[in-house]
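What follows is a single structure, written as structure tokens, with notes after it.
The values are calculated or read from the model by the stated rules, or taken from the named source; none is laboratory data. Everything numeric in this text was worked out from a predicted model, so none of it was measured. Note: ideal-geometry Cβ built from the backbone for every residue, glycine included; neighbour counts use all protein chains shown. Accessible surface is based on the protein model in full, side chains and every heavy atom, while ligands, DNA and RNA are left aside. Shrake-Rupley method; radii C 1.70, N 1.55, O 1.52, S 1.80 Å.
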Amino acid sequence: MGKEYIECHHLDPLSERADTFISTLKDVCVLCANCHRMIHKKKPAMSLNELKSTINIGVELASK
């Protein structure tokens, strides 16, 4: 059901900006919906590296 489904994430989240901002492709990345939701679970939003670290820690714990 989720095949070929992706969300666009602003690296500097628009919801956390006070100013008007016109974004370009350099300002965004694509994530699955689950990862996108996890990034925005914290305020301010997690960075991509924080998300990667969190996922890697979870994988390591699950493999023990």
Looking at this structure, is A33 surrounded by 13 or more Cβ atoms within 10 Å (Cβ to Cβ), of a type in the set (G, A, S) and modelled with pLDDT of 85 or more? no
Can you say whether T20 is among the polar types (S, T, N, Q), open to solvent by 60 Å² or more (accessible area, probe 1.4 Å) and not in a helix (DSSP H, G or I), as far as the supplied structure shows? yes
So, in region 36-64, of the ones that are of a type in the set (G, A, S) and exposed (fewer than 11 other Cβ atoms within 10 Å of the Cβ), which residue ends up nearest to L11 (Cα to Cα)? G58
Looking only at region 23-36, which residues are assigned to a loop (DSSP other than H, G, I, E, B) and under 22 Å from G58 (Cα atoms)? C32
How many residues of region 37-54 are more than 9 Å from the chain's Cα centre (by Cα), part of a helix (DSSP H, G or I) and in contact (Cβ under 8 Å) with a residue 12 or more places away in the chain? The answer is 1
